[in-house]
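The values are calculated or read from the model by the stated rules, or taken from the named source; none is laboratory data. Quick caveat, the model's predicted, so the values are computed rather than measured. Because the Cβ atoms are built from the backbone with ideal geometry, glycine has one as well, and the counts that use them run over all protein chains shown.
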């Protein structure tokens, strides 16, 4: 045993050394390692976003400062705050999604779907029911195999359809489905239709509707989509031959009318067509349709016409039709069709295939294994209990610690996790009961493996790790910078004032500005009344009192404006034209006037605050360099320089 442990340790150690060699530590900041892959990821991303590439030396210094700030945020515990953790978990849940699906599978499905959109497949079809139990389902599958063999041996297809098929459409098509196109049927059905060679019969295909046999008769290039209008004379229920003959005479006379020179098909359709859905639109079906979307006779006639051409009368099970083909549309380009294809894939069974590929990879990566002896354990326990019942479920199953599977060395789940998922009242013989219980294993196993995969993705996948670290550190950087510098400058009123007084000389203007309050009014009478009030009101309560008295009839704006920054200020103080179409067309200077230079901090607070932030930033960086140790592996850095 010790020998095995030693060998395992040596193998693990070799693997870890190989991993360390491919992604060595570039630097250590406050005891926390920064891998080469993380640095290169951010360095390359930075250079892609810059017009002029930043030198490696400059970026290393900036990167160190960035990491020092993150270290300061961690030291202050910002990464443990509930608000931060909630926001970060939201980002993480979004970022992990693309890493849980195989993009090559997704792209293949899109390409495959578009390729099928360029083809039509002519098929025959037999459908059998699924069965309500496992045994019934297996019998139906075996029956489908037998029917397929009969057809391959030359037995009549229509007779097999009549005898076995439960497809409701067989009454009309006798198992001859006609052309089908992509995106009409469940993916398994479509896959068989498009992948079975011409003249061959597919293996039984299972969908949610039943078991299917598909015989492929032809594959042709897609004929595009059609837009038509039609006239329909309906067959009455239980239509006799004489009644049908009379309808035929009438449709022939309508055909003569619609093909006469100058005839208006739409107007005639409004008068004589018996299709309630299209009659008021002149027979216009409005929507384009493709192969397999209309009854076969209607489809064949429509596709045989040219744009603008009118068909002779023809019969379907609904009645007699006359069709005019209005326009045709070829298959869309890949770029145009791609969004719809992706949306459709996201809604059907294909949506899980990219994730299933990752699941298969994870199971292989973690050496996933089912418990081979579990079936025997369950069957013995059921027999020992005298059968499957409530006592078995609540007793043995709910307390069974036997593992269902193992992965990643010591990861497993006990059989007891199945107990809440099964129906203890089900009436089952021992073997079906065992199979019923074991049918719940895969969902549990898949979730357990994927949860473990997600938890370890940050260690196993450098791309994911770098992305997550970038956002986590970015959030911490923002939080700590905001507190130490941006909001810090605004809150430090004393420091801001002191900095302004010490540097007052650098804050000057090249041109005068208006500083004060301009009052605008709806009309002259309001403005004159305001002027009378201004003469008697005290300055301390002036604006409050005026707003209370005049409400929305006036507008007061406190301003600090240079020439060209406000039309009203330009008119009053800089000889510009009077503004037109103002909501408040009359105005007065309530307070203030032109000043040549700033009178105090408030007049240049934005500039002063920005400069003071730079001062705080420099002080902070000096503090960080002194506070947190930084070690750079220069050998690893040289490898970057040589690239």
Among (1) closer than 30 Å to residue 36 by Cα; (2) assigned to a helix (DSSP H, G or I), the one test that residue 431 misses: (1)
Flag if residue 198 is closer than 30 Å to residue 149 by Cβ and without any contact (Cβ under 8 Å) to a residue 40 or more places away in the chain: yes
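Residue 151 - would you say it is part of a helix (DSSP H, G or I), at pLDDT below 95 and over 15 Å from residue 211 (Cα atoms)?
So residue 151 fails the test.
Wholly within region 199-299, which strands (runs of 3 or more DSSP E) include no fewer than the required count, namely at least 3 residues that are over 30 Å from residue 126 (Cβ atoms) and in contact with a helix residue (DSSP H, G or I) (Cβ under 7 Å, 6 or more places away or on another chain)?
Answer list for region 199-299: 225-234.
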Verdict on residue 149 being touching a residue at least 12 places away in the same chain (Cβ under 8 Å) and over 28 Å from residue 298 (Cβ atoms): no
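Being more than 25 Å from residue 110 (Cβ to Cβ) and assigned to a loop (DSSP other than H, G, I, E, B) is the filter here; which residues of region 176-198 pass it? It would help to see each step written out before you state the result.
The first filter runs over region 176-198 and keeps only residues more than 25 Å from residue 110 (Cβ to Cβ), leaving 176-178, 198.
Once the filter is applied, which keeps residues that are more than 25 Å from residue 110 (Cβ to Cβ) and assigned to a loop (DSSP other than H, G, I, E, B), region 176-198 yields only 198.
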Some residue of region 313-325 being surrounded by fewer than 16 Cβ atoms within 10 Å (Cβ to Cβ) and part of a helix (DSSP H, G or I): no
Test: residue 593 is under 45 Å from the mean Cα position of the chain (by Cα) and closer than 29 Å to residue 519 by Cα: no
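I'd like to know if region 329-336 contains one or more residues that are touching a strand residue (DSSP E or B) at 6+ places or on another chain (Cβ under 7 Å) and on the phi < 0 side of the Ramachandran plot. Give the derivation first.
Within region 329-336, the first condition is being touching a strand residue (DSSP E or B) at 6+ places or on another chain (Cβ under 7 Å), and the residues that meet it are 329.
With on the phi < 0 side of the Ramachandran plot added as a condition, the list becomes 329.
Looking through region 329-336, at least one residue is touching a strand residue (DSSP E or B) at 6+ places or on another chain (Cβ under 7 Å) and on the phi < 0 side of the Ramachandran plot.
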Selection count where residues are surrounded by 13 or more Cβ atoms within 10 Å (Cβ to Cβ) and more than 30 Å from residue 563 (Cβ to Cβ), scope region 461-516: 27
Among (1) within 30 Å of residue 285 (Cβ to Cβ); (2) free of Cβ contacts under 8 Å to residues at least 24 places away in the same chain; (3) part of a loop (DSSP other than H, G, I, E, B) - the single one residue 331 does not satisfy: (2)
Residue match in region 347-365 (condition: at pLDDT 95 or above, surrounded by 18 or more Cβ atoms within 10 Å (Cβ to Cβ) and closer than 19 Å to residue 428 by Cα): no
Residue satisfying condition, being at pLDDT below 95, assigned to a helix (DSSP H, G or I) and more than 18 Å from residue 398 (Cβ to Cβ), within set 469, 446: 469
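Can you find even one residue in region 375-385 that is free of Cβ contacts under 8 Å to residues at least 60 places away in the same chain and either under 30 Å from residue 37 (Cα atoms) or in a loop (DSSP other than H, G, I, E, B) (or both)?
Scanning region 375-385 turns up no residue that is free of Cβ contacts under 8 Å to residues at least 60 places away in the same chain and either under 30 Å from residue 37 (Cα atoms) or in a loop (DSSP other than H, G, I, E, B) (or both).
Provide a single number: the residues in region 400-420 that are more than 13 Å from residue 445 (Cβ to Cβ) and out of contact with any strand residue (DSSP E or B) (no Cβ under 9 Å at 6 or more places or on another chain). Before the answer, list the steps.
At the first step, the residues of region 400-420 found to be more than 13 Å from residue 445 (Cβ to Cβ) are 400-402, 409-410, 416, 419-420.
So of that shortlist, the ones also out of contact with any strand residue (DSSP E or B) (no Cβ under 9 Å at 6 or more places or on another chain) come out as 409-410, 416, 419-420.
The number of residues fulfilling the criteria is 5.
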Residue match in region 496-504 (condition: farther than 16 Å from residue 590 by Cα, at pLDDT 90 or above and not in a helix (DSSP H, G or I)): yes
Selection count where residues are surrounded by fewer than 11 Cβ atoms within 10 Å (Cβ to Cβ) and touching a helix residue (DSSP H, G or I) at 6+ places or on another chain (Cβ under 7 Å), scope region 54-110: 0
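Could you tell me whether residue 415 is assigned by TED's automatic domain parsing to the domain that holds residue 441, at pLDDT 95 or above and more than 22 Å from residue 97 (Cα to Cα)?
Values: assigned by TED's automatic domain parsing to the domain that holds residue 441: yes; at pLDDT 95 or above: yes; more than 22 Å from residue 97 (Cα to Cα): yes.
Taking the combined requirement at face value, the residue satisfies it.
I'd like the full set of residues that are assigned to a loop (DSSP other than H, G, I, E, B) and more than 29 Å from residue 409 (Cβ to Cβ), limited to region 340-374.
Of everything in region 340-374, just one residue is assigned to a loop (DSSP other than H, G, I, E, B) and more than 29 Å from residue 409 (Cβ to Cβ), namely 348.
Which residues, taken from region 567-587, are surrounded by 16 or more Cβ atoms within 10 Å (Cβ to Cβ) and in contact (Cβ under 8 Å) with a residue 24 or more places away in the chain? Explain how you work it out, then say what you get.
Going residue by residue through region 567-587, those that are surrounded by 16 or more Cβ atoms within 10 Å (Cβ to Cβ) are 568-570, 572-574, 584, 586-587.
Across region 567-587, the qualifying residues are 568, 569, 572, 573, 584, 586, 587.
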Among residues of region 528-546, those that are within 21 Å of residue 515 (Cα to Cα), modelled with pLDDT of 90 or more and exposed (fewer than 14 other Cβ atoms within 10 Å of the Cβ), counted: 1
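Tally the residues that are assigned to a helix (DSSP H, G or I) and surrounded by 18 or more Cβ atoms within 10 Å (Cβ to Cβ), restricting the search to region 412-428. Spell out how you get there, then give the answer.
Within region 412-428, the subset assigned to a helix (DSSP H, G or I) is 415-421.
This time we only want the ones that are surrounded by 18 or more Cβ atoms within 10 Å (Cβ to Cβ), so: 415, 418-419.
Total meeting the criteria: 3.
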Filtered residue count, region 271-294, keeping only those that are surrounded by 15 or more Cβ atoms within 10 Å (Cβ to Cβ) and under 39 Å from the mean Cα position of the chain (by Cα): 11
Odd one out for residue 242 among (1) on the phi > 0 side of the Ramachandran plot; (2) exposed (fewer than 15 other Cβ atoms within 10 Å of the Cβ); (3) over 41 Å from the mean Cα position of the chain (by Cα): (1)
